[in-house]
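*Asks:* Please find one structure pasted underneath; my questions will follow.
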Amino acid sequence: MTGAVFSRAAGRDLPVVAGGNGAELFDTAGRRYLDGAGGAIVVGIGHGSAEVADAIAAQARQVAYAHGTAFTSASLVEYAEALGPLLPVDDPYLYPVSGGSEAVETALKLARAYHLARGEDRSVVIGRTGAYHGNTRGALDVSGRAGLRAPYQPWLGSAVHTTSPYEYRCPFPESHPAGCGARHAEELERTISAHGPDTVAAFIAEPIAGAALGACVPPDDYWPAITAVCRKYGVLVIADEVMTGFGRTGRWFGCDHWGVRPDLLVAAKGAASGYWPLGLTVCSGEVHDTVQAGGFVHGYTYSHHVVGAAAGLAVLRILQRERLVEASAERGAQLAAELRAELGGHPSVGDIRGRGLLQAIELVAPPEAGTPGRALSGDLAPFPRSARVAERVVAAAKERGVLLYHSTGCADGTNGDLLVLGPPLVITPAQVSELARSCAAAIREVL
Ligand code: PLP
C-alpha cells in the first residue's frame, strides 16, 4: 500500500491548491477563491509574496538551522530588535517557537517558573469559558471549550475558568454602576480568593476573543478592571494574541485597544503570515530576568529557528511599509458596515461584531423556533448543533468561490453558530464588497 495523507476533512474531497495572490487562492482545476478567512485567520500580508519567499530562500541558502543553545543568528537578533518597539510588553524578550500552541505552552511554563524562582509555589492558571488557546494538553487545559476538552480528561494541570465577556449574551445582564467589566473583575477576584491568591500563577485570555467566541470585543472597562485584579494578587497576565496580533484587529496588537501591558504575550498566525510555522512567546524584562536567575530550562528542536526569524522579519517589514495595520482598521470598518447593510434585517443573523479585519456573524434560529431575546433581528436561541448551520453556509460560500471560517464556539448550547471573517489585510475595497455580498448570499441560500 502506498502512503496517504491523514485528512483533516474526512469524507470530503478537497480541491488541490495551486497558487495564491493577495487575497485570492487558485486550485489545480483553475477555480479562483476569495480568501475571506486567510485560512484560519492566518494570512496578513497576502498570498504569493515573492519578497517573503526570497527572504526565506536567501536565509536557507546561507544557513537554515543552528541549534538555539549553540548559536544565535543575525536574523533572530534583527527580528527581536525590529519587533520590540511594537510590542505592548515592557522590556520585551522574544522566545520564537513553531506555532500558537507551543507559544502558549511556553508562556504557561514561564509563568510557573517565574513564581517558583521567587519562592512561590503557584500552579493554578485561570482561563475563560469558551476560549481556545491551542490543541496541546496544557493549552487545551486552559482553553474553555467543553466539546474539545471532553475526551481528554483528566488534565495534567490545574486550570479553572471564569466567564468571557460576551456582550450579545451578557452573563451579567443586571446593570452594574461601574459597567460589565467590573462584574467580570469581581468574578475573577472571587475565583482567585476561592483558590487562594498564593496558588494562582496566571490569567490567560485573548484581548478580543477570536474564532472560538466569534470576535467578541469586551466592554471598554473590562481590561483595566481585570489587570487591576491580577496586579493586586501578583497574578501574571498572559495575553493570547495568536489570532489578534500583527494588525488583525486594526492595531498592532489587540492589547493596544485598551493600553493593556501583559507580563507575557503569545502570537503566531499573522507573525509569519503562513509563510513559516512561526509562533512567539514574549515576556517582560522582569519575567525574563527572574526565570533566567532561577535556571529556566525549556526548548524545542525548532525554537529560535533561523529561517523562521527571517520569515517573520520579512513579514514585519511588509506590514510596516504597506501600512497594513491601518488598512485592517479601514477595510474592517468597510466590511462591518457592508455586512450590516446586507444582513441587518435577516431573521437568523443575531449579531455582527468584531474589530478591524476580524469580524464574526452569530447565526440564531428565527423567532418562532426559540425564545425571544435581544438579537439584532429578534431572537437569541441557537440552532441545534445537528443542523450544522455554519458549516453549510461555509460550504455554500465555497461554491460561490469565497472562503469563510466557522466555529461552533462553546458547543454547549450557550452560543449560536459562528461565521468568522478574517481576510488578508491586503484585501481591496472591491474584494471587501464581494466578500460581504457573497457571505450574505450564502447565508440567504442556507437560511
Ligand atoms: N490561541 C488562539 C487564540 C488561537 O486562535 C489558536 C489557533 O487557532 C491557538 C492559540 C493555537 O495556535 P496553533 O494552531 O498555531 O497551535
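*Asks:* What do you get for chymotrypsin sites (Phe, Trp or Tyr not before Pro) in the range 99-157 restricted to DSSP loop and a cutoff of at most 14 other Cβ within 10 Å of the site's Cβ? Don't jump to the answer; show the numbers that get you there.
*Replies:* Working: sites: 114, 132, 152, 155; in loops: 132, 155.
Listed in order of number, the matching sites are 155.
*Asks:* Using the Cα gyration tensor of the chain, with a ≥ b ≥ c the square roots of its eigenvalues, what is the shape: rounded (a/c below 1.5), prolate (a/b larger than b/c) or oblate (neither)?
*Replies:* Numbers: a/c = 1.67, a/b = 1.11, b/c = 1.51.
Oblate, because a/c is 1.5 or more while a/b does not exceed b/c.
*Asks:* Could you rank the peptides 121-127, 194-200 by their average count of other C-beta atoms within 10 Å per residue, with the highest value first? Before the final figure, lay out each step's value.
*Replies:* Working: 121-127: 20.6, 194-200: 15.1.
The peptides rank, most packed first, as 121-127, 194-200.
*Asks:* Give me the aspartates and glutamates in straight-line cross-link reach of residue 232: C-alpha distance below 13 Å, same-chain residues under 8 apart excluded.
*Replies:* The reachable aspartates and glutamates, counting only those whose Cα sits under 13 Å from residue 232, are 186, 189, 198.
*Asks:* List every DSSP H helix in the chain whose Cα atoms extend 24 Å or more along the helix's own long axis and whose mean Kyte-Doolittle hydropathy is at least -1.0.
*Replies:* On the way: long enough: 100-117 (25 Å, 0.16); 324-343 (27 Å, 0.12); 429-446 (26 Å, 0.31).
For the chain, where a helix must reach 24 Å along its axis and average at least -1.0, the hits are 100-117, 324-343, 429-446.
*Asks:* How charged is the neighbourhood of residue 192? Take every other residue with its Cβ under 12 Å from the Cβ of residue 192, and add Lys/Arg as +1 and Asp/Glu as -1. Don't skip to the answer; put the middle values down first.
*Replies:* Working: positive: 122, 190, 231, 232; negative: 186, 187, 189, 198.
Taking every other residue near residue 192 into account, the sum is 0.
*Asks:* Is the shape of the range 156-288 best called rounded, prolate or oblate, per the rule: a/c under 1.5 gives rounded, else a/b larger than b/c gives prolate, else oblate, with a ≥ b ≥ c the square roots of the Cα gyration tensor eigenvalues?
*Replies:* Numbers: a/c = 1.88, a/b = 1.28, b/c = 1.46.
Judged from the Cα gyration tensor, the range 156-288 comes out oblate (a/c at least 1.5, b/c at or above a/b).
*Asks:* Nearest 500 deg cm²/dmol is fine: what mean residue ellipticity at 222 nm does the chain get from its DSSP H runs of n ≥ 4 alone, each adding -39,500 (n - 2.57), divided by its residue count? Walk me through the numbers before you get to the answer.
*Replies:* Values: 13 runs with 157 residues, N = 447.
Counting only the DSSP helices, I get -11000 deg cm²/dmol.
*Asks:* Rank these for me by crowding, 221, 240, going from fewest to most other beta carbons within 10 Å. Kindly include the intermediate steps, with their values, before the conclusion.
*Replies:* Working: 221 19, 240 32.
By the 10 Å Cβ count, ascending: 221, 240.
*Asks:* With +1 assigned to the C-beta of every Lys and Arg and -1 to the C-beta of every Asp and Glu, and no other charges, what is the dipole magnitude of the chain about the Cα centre in debye, to the nearest 20?
*Replies:* On the way: 37 positive and 45 negative charges, 143 e Å.
Once rounded to the nearest 20, the dipole reads 680 debye.
*Asks:* Would you mind ranking 34, 108 so that the residue whose beta carbon has the fewest other beta carbons within 10 Å leads the list?
*Replies:* Numbers: 34 22, 108 27.
So the residues, fewest neighbours to most, are 34, 108.
*Asks:* Follow-up question, since we're still on this one. If you take the square roots of the eigenvalues of the alpha-carbon gyration tensor of the range 58-217 and sort them as a ≥ b ≥ c, do you get rounded (a/c under 1.5), prolate (a/b over b/c) or oblate? Walk me through the numbers before you get to the answer.
*Replies:* Values: a/c = 1.89, a/b = 1.73, b/c = 1.10.
It is prolate, given that a/c is not under 1.5 and a/b is the larger ratio.
*Asks:* Hey, another quick one. Test of the criteria: in the range 153-239, which GluC sites (Glu not before Pro) are in a DSSP loop and have at most 14 other Cβ atoms within 10 angstrom of their Cβ? Kindly include the intermediate steps, with their values, before the conclusion.
*Replies:* Working: sites: 167, 174, 186, 187, 189; in loops: 174.
Those that pass, being in a loop and sparsely packed, are 174.
*Asks:* Sorted by average packing, counted as other Cβ atoms within 10 angstrom per residue and highest first, what order do 242-249, 383-390, 92-99 take?
*Replies:* Values: 242-249: 30.2, 383-390: 16.6, 92-99: 22.4.
Descending mean neighbour count gives 242-249, 92-99, 383-390.
*Asks:* Compute a Gaussian network model of the chain, connecting alpha carbons closer than 10 Å, and tell me which residue from 40, 185, 150 fluctuates the most.
*Replies:* Comparing 40, 185, 150 in the GNM, the peak value goes to 150.
*Asks:* Could you list 102, 338 so that the one with the fewest beta carbons within 10 Å of its beta carbon is first and the one with the most is last?
*Replies:* Details: 102 24, 338 19.
Fewest-to-most ranking of 102, 338: 338, 102.
The numbers here are math on the coordinates, done by the rules we state, and not lab data. Keep in mind the model is a prediction, meaning the values are calculated, not measured. As a convention, Cβ positions derive from the backbone with ideal geometry for all residues, glycine included, and neighbour counts pool all protein chains shown.
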